[in-house]
1. Normalised by the residues of the stretch 110-270, what does the relative contact order come to in percent, with Cα pairs under 8 Å and at least six apart?
2. How many nm separate the modelled label positions at Asp452 and Ala78, each set 7 Å beyond the Cα in the direction of the Cβ?
3. What's the Cα-based Rg to Rh of the stretch 15-103, Rh via Kirkwood?
4. If packing is taken as the mean number of other Cβ atoms within 10 Å per residue, what is the order of 210-219, 462-471, 442-451, highest first?
5. Averaged over every viewing direction, what's the projected area of the C-alpha convex hull for the stretch 110-270? Give it in nm², one decimal, please.
6. Using label points projected 7 Å from each Cα along Cα→Cβ, tell me how many nm separate Glu414 and Glu507, to one decimal.
7. With r as the distance between the Cβ atoms of Ala421 and Lys536 and R0 = 41 Å, compute the FRET efficiency 1/(1 + (r/R0)^6) and round to 0.05.
8. Can you figure out the FRET efficiency of Asp225 with Asn115, using R₀ = 25 Å and their beta-carbon distance, to the nearest 0.05?
Amino acid sequence: MSDPIPHSAFVAPEPAELAPLFPGYEIEGLIATGGMGAVYQALQRSLDRTVAIKILPQEFSQDEAFCTIFEAEAKAMAKLNHPNLIGVYDFGEVAGMLYIIMEYVPGQSVFHSANGVAIDPAEVIRLVTGICHGLAHAHEHGVIHRDIKPSNILLDLEARPKIGDFGLARNTGQMVQEGEEIFGTPHYTAPEVVNAPQSVDHRADIFSLGVLLHELLTGRLPADDPRPPSVISRCSPRFDAIVRRATEPLPARRYNSAMEMANDLQAIATTPGAKVLRSGAPRKAMGPNRRFNKSLPAPQQSSRAGLIVLLLIAIAISGFLYRYLKNSRESNVPAGPRIIKVQQPDPTPPAPQVDPEPLPEPDPSPPESTGPIVVTPPQPEPDPDPEPEIKAEPEAKFDVADFLDNRARKIMRERAVPLLASRNAERARNLTALERELGNEARKEARTILRDEYAASIKSYAEDCRENDNLITDEPPEALWPMAGTVRIHADFLRKQQALDQKLVRELSSLADTYVKGIEKQIERLRQENDPTAVKMLEKEIDCVHENEKYFPDLILGN
């Protein structure tokens with residue numbers, strides 16, 4: 001098993017450091033940084049246009065697997081020219097760093113603009129239709145994106161969608177890299193990407209687009225809330241049929257093309273008298289753009305209702321002013337130590353009031369013990385060695401448990417099915433051979449009654465083992481102990497079974513490389529998305545695989 005590439009924290013070069021490496025560009029600033037590199041805004045002097053320059057860290061440019069992913073992104077995007085796709089202008093290597101120069105999109109992604117928010121159905125139609133057009137152009141050129149999701153759709157200043165991040169894209173028919181079926185985004189990925197990665201075609205993108213459509217209409221993923229969008233957000237039921245067809249588990253039942261899906265969406269918007277929203281409830285806007293949905297105007301209130309509201313406001317203001325003035329008077333009283341008065345009640349009636357006498361001069365001598373007792377609460381002594389404050393680790397944005405359990409490990413268990421089937425078949429043959437040898441030994445018994453008893457015991461024991469996955473027990477049954485060769489024969493076949501199990505463990509360990517590579521690719525994506533907690537959790541999983549040779553086989557076997 002190969003050791004993973006050591007990941008040091010990537011420090012993006014300062015714009016001034018990059019300037020000499022790109023003499024034809026004026027590096028204006030850093031846009032974003034992550035484990036897979038950094039993106040800078042720059043001005044291309046020759047054409048006087050703003051571009052984005054994406055660079056890869058030097059340590060990754062020395063690794064063939066990472067270079068392949070980066071190069072695939074550049075070559076796949078360079079073939080495409082469409083207003084709904086981010087264009088690529090140049091690609092190369094400088095100072096040991098791979099780079100891509102591409103179209104600069106000043107807006108945010110759909111993820112940052114509409115995460116967890118149901119947006120106006122009319123805007124959804126416009127947005128998803130644009131994505132469909134971009135995907136259709138890519139598919140016509142034989143390019144499959146394979147990772148359509150909100151964070152890979154950027155919005156320009158006019159809120160037009162542009163598909164980017166073709167890091168998983170490849171030409172139709174290109175081989176799948178080891179571990180790549182693990183890499184991807186759960187919930188958006190089509191089933192065949194996991195179950196049959198070599199047969200993936202453009203319909204995998206349509207599945208992801210159907211998930212995205214559901215999410216934009218409802219603010220929820222189908223995996224979290226599988227109800228039809230119209231039930232969740234009260235949009236038109238016609239959306240339900242589109243989402244259902246786009247996300248069919250079998251590719252043959254999905255839309256044949258992205259344009260076909262776009263046409264169905266446009267039909268909802270252009271049907272005379274059709275309503276895309278069944279409720280008057282306003283939807284939350286998806287960004288600062290003026291074209292996004294605006295909340296519906298509130299119905300006008302009657303004059304009587306307006307007078308009631310004004311009266312309530314006046315009462316509230318009066319109460320507030322009363323409390324404010326009261327608190328202001330009380331706040332002028334100086335604070336002092338806590339005073340506890342200890343006095344006995346005076347039984348005599350109060351004396352009649354007379355004109356006050358002039359007050360005597362104050363006596364400088366200390367007061368008598370009688371009178372009010374001033375009690376100052378004890379102050380707590382400072383802790384000589386206070387414990388350092390432990391900052392809570394930020395919560396992971398990425399669902400690591402779901403990724404490991406329902407994707408990475410599930411895929412590896414499916415890969416291990418042929419190995420398990422082969423081991424079980426060999427176990428069955430081994431048990432049959434044990435039953436035959438014990439039967440031969442029983443026939444050597446001179447007494448017929450004992451031969452019949454041994455034969456019945458051997459048959460019963462073999463049936464019990466078959467019901468338990470053909471597993472031979474550690475000890476032979478007690479009924480066979482008196483038979484002379486029982487212990488020797490049983491021990492021989494038990495060793496053969498143990499050898500079969502050890503062989504399976506070695507074969508499963510060979511799959512651990514694929515498991516680790518897939519997780520490493522996911523780690524690089526999460527570094528780019530700035531999710532350090534999820535990265536740490538996945539790195540811990542890799543450490544478990546490397547430090548304990550039984551960890552991965554036990555995961556696959558469910559031990």
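1. Here the relative contact order equals 29 percent.
2. The answer from the label model is 8.6 nm.
3. Expressed as Rg/Rh, it is 0.95.
4. Those peptides, ordered most packed to least, come out 210-219, 462-471, 442-451.
5. 8.8
6. Roughly 1.9 nm, to one decimal.
7. 0.65
8. According to the calculation, E is roughly 0.95.
Every number in this text was worked out from the coordinates using simple rules, so none of it is lab data. Quick caveat: nothing in here was measured; it's all calculated off a predicted structure. As a convention, Cβ positions derive from the backbone with ideal geometry for all residues, glycine included, and neighbour counts pool all protein chains shown.
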